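The values are calculated or read from the model by the stated rules, or taken from the named source; none is laboratory data. Since the structure is predicted, the reported quantities are computational estimates derived from the model, not experimental observations. When we count neighbours, we look across all protein chains shown, and the Cβ atoms used for this are built from the backbone with ideal geometry, even at glycine. For the accessible areas, the whole protein counts, side chains as well, though only heavy atoms, and no ligand, DNA or RNA atoms are used. Shrake-Rupley method; radii C 1.70, N 1.55, O 1.52, S 1.80 Å.
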Amino acid sequence: MARPKLRSGNLPLEATSFVGRRRELAEIKKKLTTARLVSLVGPGGVGKTRLAIRIGTDLGRGFAAGAWLVALADVRDAGLIANAVVAALDLRDQAAMQPLQILVSYLEDKQLLLVLDNCEHLLDAAAALVAEILRATPGVRVITTSREPLQVPGEHVVQVPPLELPPGDGSVTLSQLGHNEAVMLFIERAVAASGTFQLTDSNQSAVVQVCRRLDGLPLAIELAAVRTRVLTAEQILERLTDRFALLTGGGRAALPRHQTLQTTIDWSYDLLSRGEQSLLRRLGVFAGRFTLEDVEAVCAFDDLSAPEVLDMLTSLVDKSLVTKEDVKSIACYRLHETMR
């Protein structure tokens, strides 16, 4: 049988301050009062893992068996996903039982919050596992993080957006700017990295433009803030034309793909089909919003039918690589500048 539990969870303690996300925290907590599966979906570097851990920490005490994190980033074999959950829950392996049997046997009478982090490269296996857990263990609630939804019955999807951006027109005061989510993150990480950084009248414009040029993506902002050890905010802004060479200072303890902005983008790109990769490259010609008709026009010489183009564009939206915006009843799309 499973080893008796002495712990009420395995969520890591936060090593740095948690910035912003009040709206998302409230929305996810509300959904989990009725939904048994909430999937946090968004592009790489947007902060899905950090948000999921904060939710688990806030809600874990409400579950008798606690909140448990299963990190799937390093799991390459889809057949081992159940083993990863068994290991994270610290359950004793039994030769006579399959990992899924061990898992369901342990969870069937538990009140527990399970966080499955980084599901995008194991999507089918993760979906099958979550579906079985939800079917067989009525007291378990699940949070997943992924580039795209699992598409499991009962799934509630929460799109995790970039951080709130500051206005780019200089219309807010210095004190007001310090309360903006993206700017707050830059300041806090810059102070931690350099020990001397301050937001001032002279550098506030550069800080605003850095946050806006990086689309409010937390990972990119944090990597930029680390550069304040040797560069001013104005110098960082100037060097964003080659952001992949600039934003490489991720912590040694971070996931390999979160140590540079380039590897974060590569991770998402490598998970695409060849057709999706080709379409994404073509979408780079658009500096702003574009429509489905625009996409069909740039694919006119690829011998792709209109339904094929629509399907691939839909897939890129689902994978959080293209953002959809409704403008005057027309669906428009946009690439984050970093992805473009």
### Calculated FRET value between Arg274 and Arg23, using beta carbons and R₀ = 25 Å, to 0.05
0.10
### Task
In whole Hz, with x marking every Gly and Pro, tabulate ³J(HN,Hα) for region 102-114 from phi via Karplus 6.51 cos²θ - 1.76 cosθ + 1.60, θ = phi - 60°.
4, 5, 5, 4, 6, 7, 4, 10, 9, 9, 8, 10, 10
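Could you tell me the calculated FRET efficiency between Val327 and Arg61, based on Cβ-Cβ distance and R0 = 41 angstrom, to the nearest 0.05?
0.40
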### Message
Give me the count of lysine pairs in the chain whose alpha carbons sit under 29 angstrom apart, restricted to pairs 8 or more positions apart or on different chains.
### Response
21
#### Entry: Selection from Phe286, Ala220, Tyr269 lying farthest towards where the dipole of the chain points positive, charges on Cβ
Ala220
#### Entry: Diffusion constant of region 8-151 at 37 °C, which comes from Stokes-Einstein with the Kirkwood Cα-pair radius and 0.692 mPa s, µm²/s
214 µm²/s
## Note on the structure
Expressed to two decimals, region 80-209 has a Cα Rg over Rh, using the Kirkwood radius, of 1.21
### Message
Helix 48-59 against the longest principal axis of the chain: what's the angle in degrees, Cα atoms only, rounded to the nearest 10?
### Response
50 degrees
### Query
For the charge dipole of the chain, defined by +1 on Lys and Arg C-beta atoms and -1 on Asp and Glu C-beta atoms about the Cα centroid, which residue among Leu174, Gly56, Phe186 has the Cα displaced farthest towards the positive pole?
Gly56
### Task
Show me 139-147, 217-225, 323-331, 203-211 ranked by packing, highest mean number of other Cβ atoms within 10 Å first.
217-225, 139-147, 203-211, 323-331
## Note on the structure
Rounded to whole Å², per residue accessible area for region 272-326 with a 1.4 Å probe reads 55 Å²
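Between Ser202 and Phe286, 0.36 nm times their residue separation minus their Cα-Cα distance comes to what? Can you show the working numbers first?
On the way: separation 84, 0.36 × 84 = 30.24 nm, distance 3.29 nm.
My answer for the length gained is 27.0 nm.
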### Task
Starting from the Cα of Ser175, move 7 Å in the Cα-to-Cβ direction to define the label point; list residues of region 182-200 whose amide nitrogen is under 16 Å from there.
199-200
### Summary
With no solvent term and unit scatterers on the alpha-carbon positions of region 120-278, Debye gives log₁₀ I(q)/I(0) at q = 0.10, 0.12, 0.20, 0.21 Å⁻¹ of -0.49, -0.66, -1.19, -1.27
#### Entry: Full-extension gain in nm, Glu337 to Gln151, via 0.36 nm per residue minus C-alpha separation
64.1 nm
### Message
Over region 19-91, with the other protein chains present, what is the accessible area per residue in square angstrom, probe 1.4 angstrom?
### Response
42 Å²
### Message
What three numbers, in Å, describe the spread of the alpha carbons of region 274-340 along their principal axes, ordered from the longest?
### Response
30, 26, 20
### Query
Calculated FRET efficiency, Ala136 and Ala300, Cβ-Cβ r, R0 45 Å, to nearest 0.05?
0.35
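Carbon-plus-sulfur fraction of the accessible area of the chain, 1.4 Å probe, in percent?
Carbon with sulfur: 52 percent of the solvent-accessible area.
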### Among 34-47, 159-172, the order from most to least packed when residues are scored by Cβ within 10 Å on average
34-47, 159-172
### Task
With everything on Cα atoms, drop me the angle between helix 274-283 and the longest principal axis of the chain, reported from 0 to 90° to the nearest 10.
30 degrees
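Looking at the chain only, what percent of DSSP beta bridges run antiparallel? Nearest 5 please.
Details: 7 of 28 bridges.
The antiparallel proportion sits near 25 percent.
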### Query
Mind checking the angle between helix 181-194 and the chain's longest principal axis? C-alpha axes, 0 to 90 degrees, to the nearest 10.
90 degrees
### Query
For the pair Ala71 and Gln235, how long in nm is the line joining their label points, each one 7 Å along Cα→Cβ?
3.3 nm
### Message
Tell me the volume per residue, in Å³, of the convex hull enclosing the alpha carbons of the chain.
### Response
157 Å³
